[in-house]
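A quick write-up on the structure given underneath.
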Amino acid sequence: MSGLVRAVPGETGSQTGTPSRDRPGDPPGDRPPGRSSAGRRRTGRVSSTVVTLGVVSFLTDVSSEAVAAILPLYVTAALGMSIVAYGVVDGLVQGAGALVRVAGGWAADRTDRPKWVAAVGYGLSALTRVGLLFAAGLPAVAGLVVTDRIGKGIRTAPRDALIAASANPRNLGRSFGVHRALDTAGAALGPLLAFAVLWAVPDGWTTVFVISLGAAVLGVGALVLLVPDLRPRQAAWLRTHRTRESRGLPKCKGCTCDAAGGLQPAGRPFSWAFLRGGATVRLLLVAGVLGLLTVGDGFVYLALQDRDGFATHWFPLLFVGTNVVYMLLAAPVGRLADRVGRGHVLVWGHVLLAGAYACAAAPFPGAATTLAALVLLGTFYAMTDGVLAALTSALVPTSVRATAIGTAQTVTAVARMIASAGFGVLWYASGRVDALWIVAAALVVAVPVCAYLVRGGRLAPDDALTRETSA
Amino acid sequence: MSGHAALRRRTAFAVLVLVVLVGTGWYVTAEIRRARAEQAAPTQVEVTEGVLDGPHVLFRGTAPGELYGRVAAVALDDLSGPRQVTPAVCDRVDSDGATTVCLRTHRGVVTTYEAQVLDAAWRTTASWPLPGLPSRTQQSPDGLVATTSFVTGHSYATTGFSTETTVHDADGAEVSGNLEDFTLLVDGKRVAPVDRNVWGVTFADERVFYATVQSQSLDRTWLVRGDLAERTLVTLLDGVECPSLSPDGTRLAFKHDARAPGAATPRWTPAVLDLATMAVTVLDAEERSVDDQITWLDDATLLYGMPRTDEPATTDVWALPADGAADPVVAIPQAWSPSVVRG
């Protein structure tokens, strides 16, 4: 059983350089006409590998969010540190994640082994759970938290590349949506589980860590045991080199005389040249500009709390509300993005973000505007997070896909960090209401500009970079 | 072959799920049983009556068992002696004998925090919600209540570390709002660092108080004198946290971050500031890091809580001479948040 054989996914398998906008009316080009209806029916289904990856993320998020939710309590109550010390931990977490993402993507592309790079990331995070069981003192805990975030940074881009490789390109948006829905469900369940445990066992920090370890082990186990070892670059090469001749094999089995270059179906090697592609640059630019206008949810919640005066302990419920909306809408909105164009959904989603800011700034206190703000925020995430990954994966050649996804996510994350820092200053300088209106107004200006940038086929793959499809 | 391998992998995963579920389930059940048993177990402390009638120290009891977290009192002349246990459950407590302020946590799937004002019969006469983990509380001589809580923690509130310190009337009415909104004057000039935080109020009278203002971006931790009428905070000295006024009103005990340069975590050493001369005496007879708002037992002795290294949930209240002339000793075992009621 060679990797070469298993690397070719089934008929619903990977595709490279597919335009981001598909036309559902077209029969699938590479299938015999007689099977087109079956083929079309199959596009409606999400690959089982995507669902498995969703389950992996679900378990891992239960694990990490359960710990994240109780960590401040643990550091202050159990380790007897002050909350200032917790601030140190928090600051370390902010920086660690974003930067390793590109590296994780790059490693996945270079080795053409996204599963195993992702497994390293998931495994690293799982190991930190073991560490938490024995950690005493703040430096140890801080080190483990940073390691966990590094693990998350490593695994994200290869994992998304795996989703892209196992999804049907026609429902890429929906596939990412299904994955994000499961991921978000885990993020919502984790804290609830942790607080339920502390309720039953008041000093049950270790119990939470044990549960977290269990979930993390199952997540890694599901990845290692159930997810196929896809080789996206090799698969793309094999798909475009269908004849024995083009694969550099002898014309017939057993012939050895006229072998051209030997068997090296490695596909195009990794190259940073994708960063020079017009469409890629355009996407990164749009993601960066819109990211600069996306301030942290915490500010929206704080603004709602400031205005309505409810106690801060409802914060977790605001978070849960947003996540429930995100979870419910991720798959349907992803499907919508597959139909009407992912670029537009990504860009216009930011109008909803402006709407959420307006709800938080509007002088109408009460449950209605709060709920509206949460629904808008949740829908915004459904329209942007998975869609960005889907858009990026469809835009670049297979050989650089994980790196490109990691780059796009890092651009967004760094832009959002800058936005939150800047917004904090604006909040103090001009007040809560004005600050929110300013950002909402900036979004209302930026969105049409960005929509103009991605109009028509502007986010179609760069021909020069995706020649592998026509080879 | 491939089908075989897939089956083998699925079986392996099923076994893994079984092992993890059984293992975790067993551990969780055992822990819940242990917690139930511990909470129901009798607390091993000597209990008495009548302590509250005389001069005493009120505190949160931290001896494990059924009385864990209950407010208790020991006689001022017998700190390590038997304690009278009250019905109140508090994280932080401050009392003047008649009125007690109690900050507490209501654990649940959504954990909430509350400040309560209790009368002599431990009935709640006023209460208001706190935005986060209770940290400090102090009363003024005539019934103002300062509370500090941490507004972080929630990984959801991604705005970083923050405290909220407010002053209320004992009847629950707001007096100050968030002290961060007071005008901060450094050498007479108004500054407003975005990340300023205020905590650890100690009252001089009904209008003037001392507190800590920290800005991590400016790398300053100031002692400030606050004025509730003018709504100002005037900086006095850098490097002072959690001040506490001595009973005679001449000195402030505080914790001072004496970490080695470049160290990631703070090491707080107790210190005393003479308000007349502004001279600081660092009490390095205490070699451990103290994270508490220090209390004065009398004009010569400081009290503060320290967690036990081997039993983190249990703390002791330690005593240290205010001139640093002797080593710290345990004053009240299995106690936290002492409040001296001189009667």
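Below are the figures for this structure:
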item	result
Residues within segment A:58-100 that are under 16 Å from the mean Cα position of the chain (by Cα), closer than 18 Å to residue A:143 by Cβ and either modelled with pLDDT of 80 or more or facing chain B (nearest Cβ under 7 Å) (or both), tallied	2
Hits in segment B:271-300 - residues which are surrounded by fewer than 16 Cβ atoms within 10 Å (Cβ to Cβ) and either more than 20 Å from residue B:237 (Cβ to Cβ) or among the aromatic types (Phe, Trp, Tyr) (or both)	B:285, B:287, B:288, B:298, B:299, B:300
Residue in segment A:166-184 that is assigned to a helix (DSSP H, G or I), within 14 Å of another protein chain (Cβ to nearest Cβ) and in contact (Cβ under 8 Å) with a residue 24 or more places away in the chain present	yes
Some residue of segment B:86-96 being at pLDDT 90 or above, among the hydroxyl-bearing types (Ser, Thr, Tyr), in a loop (DSSP other than H, G, I, E, B) and surrounded by 14 or more Cβ atoms within 10 Å (Cβ to Cβ)	no
Enumeration of residues in segment A:195-223 that are surrounded by fewer than 21 Cβ atoms within 10 Å (Cβ to Cβ) and not in a helix (DSSP H, G or I)	A:202, A:203
Check on residue B:326, more than 14 Å from every other protein chain (Cβ to nearest Cβ) and among the aliphatic types (A, V, I, L, M)	yes
Tally, over segment B:160-215, of residues that are touching a Lys or Arg at 6+ places or on another chain (Cβ under 7 Å) and on the phi > 0 side of the Ramachandran plot	1
Odd one out for residue B:336 among (1) more than 14 Å from chain A (Cβ to nearest Cβ); (2) in contact with a Gly (Cβ under 6 Å, 6 or more places away or on another chain)	(1)
Subset of segment B:243-268 [free of Cβ contacts under 8 Å to residues at least 24 places away in the same chain, within 14 Å of chain A (Cβ to nearest Cβ) and out of contact with any helix residue (DSSP H, G or I) (no Cβ under 7 Å at 6 or more places or on another chain)]	B:259, B:260, B:262, B:263, B:267
Test: residue in segment B:225-234 that is part of a strand (DSSP E or B) and surrounded by 23 or more Cβ atoms within 10 Å (Cβ to Cβ)	yes
Residue identified as in the same structural domain as residue A:107 (by TED's automatic domain parsing) and under 24 Å from residue A:107 (Cα atoms) among A:208, A:145, A:178	A:145
Complete set of residues in segment B:321-343 that are in a strand (DSSP E or B) and either of a type in the set (D, E, K, R) or crowded, with 21+ Cβ neighbours inside 10 Å (or both)	B:331, B:332, B:335, B:336, B:337, B:338, B:339, B:340
Total residues in segment B:181-205, condition surrounded by fewer than 13 Cβ atoms within 10 Å (Cβ to Cβ) and in a strand (DSSP E or B)	2
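The values are calculated or read from the model by the stated rules, or taken from the named source; none is laboratory data. As the structure is a prediction and not an experimental result, all values here were calculated from the model. We place every Cβ from the backbone using ideal geometry, glycine too, and count neighbours over all the protein chains shown.
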